[in-house]
Amino acid sequence: MSAPLRMPGEEKKRSPSKHSITIDKRESINVSGVTDVISFDEESVIAETEMGIVIIRGINLHVKRINLEIGELSVTGEIDGISYENAGAIGKSKSLMGRLFK
């Protein structure tokens with residue numbers, strides 16, 4: 001059986017991989033489904049996932065492992081909070097960055 005026909009310019013959509021977040025005792029966090037890491041420092045890690053932008057906040061945060069080929073991110077430190085932003089918010093960096101640095 002042949003492959004389905006596509007119109008010129010029509011790209012094949014890739015199916016989303018599994019996205020999950022696992023926190024262990026507020027000391028470490030593992031995120032899957034990561035497509036990019038936007039920024040990180042000792043107080044926050046901002047990553048783009050297939051489900052939107054994830055912002056991890058805490059104290060003494062350290063990126064233990066980043067593997068974008070398989071979409072995994074591992075962070076250690078004192079985890080204070082996690083929040084999501086819409087994936088479209090990355091284009092509106094003023095509002096995203098404005099909220100981060102209030």
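Since every read-out is calculated from the coordinates, none of them should be taken as a lab result. Here the structure is a predicted model, which means the values were calculated and not measured. Glycine also receives a Cβ, built like all others from the backbone with ideal geometry; neighbour counts cover every protein chain displayed.
What is the packing order of peptides 56-62, 19-25, 31-37, taking the mean over residues of other C-beta atoms within 10 Å and listing the highest first?
Taking the mean over residues of other Cβ atoms within 10 Å, the ranking is 31-37, 56-62, 19-25.
Order the peptides 41-51, 66-76 from the highest to the lowest mean number of other Cβ atoms within 10 Å of their residues.
41-51, 66-76
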